[in-house]
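Worksheet for the structure shown next.
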Amino acid sequence: MAAFGLNQQLLCFSNSHSRTTTKPCSAWLLCSKTSVFSIPRKKGRFSLTSCNSQSSSEANIQTAESCVNLGLSLFSKGRVKDALVQFETALDLDPTPREAQAALYNKACCHAYLREGKKAADCLRTALGEYNLKFGTILNDPDLASFRALPEFKELQEEARLGGEDIGYGFRRDLKLISEVQAPFRGVRRFFYVAFSAAAGISLLFTIPRLFRAIKGGGDAPDVWETAGNAATNIGGIIVLVALFLWDNKKEEEQLAQITRDETLSRLPLRLSTDRVVELVQLRDTVRPVILAGKKETVSLAMQKAERFRTELLRRGVLLVPVIWGESKAPDVEKKGFGARQKAAASLPSIGEDFEKRTQSVIAKSKLKAEIRFRAEVVSPAEWERWIRDQQKSEGVTPGEDVYVILRLDGRVRRSGKGMPDWPQIVNELPPMEALLSKLER
């Protein structure tokens, strides 16, 4: 949850490095009169802390700011319903645009925690449409993973897109950059392909007239076979270089498609045994998900066989993720935009935009490990099916066949195959979590 507390005085930035499963990722707190800017030395989220001096009598006065801060404190203690009351009270106390944005966003997070998707969407819709909240904040907050798995999020996302919002898929704009990092010499190769093709083309322009003269003959005519050989060399060089250029382009498109699939996979939601909803990216370095996709009978049989090797599979961090074909339909999204923003404050920053995307602190990961068991349930099965079918097409497998996909600790696909996995083989193949190979895989 990206949480905001507020004050109009001097701001000091601090690094909120640890975070519990219900604790807001950033909070504004009242502190002493002396205010300083501190630069975080460790990688983590930035939290905004407001520093101001107040007397005891002033501190007792109820304001929108004090209600937001009290709500954050209650939420951090697990008193979500009490926190919700404080955020609602803050909205009734004539808040500033920044205070209203904070109250609405945190109120939405409370509703999401309570599985009230429609109410959460209404709050976020207001914050987006009237108080300049950035959609990327919603898209990237790990504690809104359960909300992003709901149809209300898809509707909100479509509204934002139609309303001209940046809906947060920044990775699509960065695909070229990621591709160049993975293939750093592609640009150099293309440069030489174009340069040599141009040189061969220019040479061919001079060679063709000489070839005509050689064919006509005459005292000063060049040798016909030599001239024909030069022309053939230039033409062949152009053909080869163009073919290499097109092949490189095809490889880049395949690479971009794979990067897109990897990013889509990282955003797919799961429900753990404790009923907590997380995105797959939050499980990186913690488990090796094994996706079992197929008919219900086939998947159920594979799960029963896996139980025989439960202890060894758990030692290797295996988390079973069953996906049954055809269990759900993608929800229809009503297309409508936000419309005009009458109260938008364009100059206001988007609070919470700076925290790391969908990552967790060491403390939060240790708590997450305690919640992970042997099996997880997919949320939004239609999205899981869509990703698996795309993966099948990329590997030449008929979409809809029974398949399994084994992921690495870093979230990438380790290998996949038709049918269901051979569990003894997987036990022999995967190293235990404490082994050196597993540490290198992270």
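What number comes out for the charge environment of Ala120, summing +1 per Lys or Arg and -1 per Asp or Glu over other residues with Cβ under 11 Å away?
Residues close to Ala120 contribute a combined charge of +3.
Rounded to the nearest 0.05, what FRET efficiency do Thr311 and Arg161 have when you use their Cβ-Cβ distance and R0 = 60 Å?
0.80
Tell me, what is the 1.4 Å probe accessible area of Arg161, in Å² to the nearest 10?
Rounded to the nearest 10, that gives 110 Å².
Quote to one decimal, in nm, the extra length available between Met303 and Leu93 on full extension: 0.36 nm per residue of separation minus the C-alpha distance between them.
Difference between extended and current length: 70.2 nm.
Using only the alpha-carbon atoms of region 66-122, report the extent along each of the three principal axes, biggest first, to the nearest angstrom.
Principal axes ranked by extent give 28, 24, 14 Å for the Cα atoms.
Could you give the alpha-carbon Rg of region 219-315 over 2.2 N^0.38 Å, rounded to two decimals?
2.27
For Arg288, enumerate residues with amide H under 5 Å from its amide H, sequence gap 5+ or separate chain, H modeled in the peptide plane.
Excluding prolines and chain starts, which carry no amide H, the hits are Val318, Leu319.
All other residues with a Cβ under 10 Å from the Cβ of Val413 taken together, and with Lys, Arg as +1 and Asp, Glu as -1, what is their net charge?
Summing Lys and Arg as +1 and Asp and Glu as -1 gives +3.
What Rg and what Dmax come out for region 239-279 when only alpha-carbon atoms are used, in angstroms?
18.4, 61
Would you kindly calculate the translational diffusion coefficient of region 262-333, applying Stokes-Einstein with the Kirkwood radius from alpha carbon pairs, for 10 °C and a viscosity of 1.306 mPa s, and quote it in µm² s⁻¹ without decimals?
Answer, rounded: 116 µm²/s.
To the nearest 0.05, what FRET efficiency results for Phe196 and Arg412 with a Förster distance of 25 Å applied to their C-beta separation?
Efficiency, from the Cβ-Cβ distance: 0.10.
What FRET efficiency do you get for Leu437 and Ser203 if R0 is 60 Å and r is their Cβ-Cβ distance, rounded to the nearest 0.05?
Efficiency for this residue pair is about 0.65.
The values are calculated or read from the model by the stated rules, or taken from the named source; none is laboratory data. Not measured: the values here are computed from a predicted model. When we count neighbours, we look across all protein chains shown, and the Cβ atoms used for this are built from the backbone with ideal geometry, even at glycine. Only protein heavy atoms, including side chains, enter the accessible area calculation; ligands, DNA and RNA are left aside. Shrake-Rupley method; radii C 1.70, N 1.55, O 1.52, S 1.80 Å.
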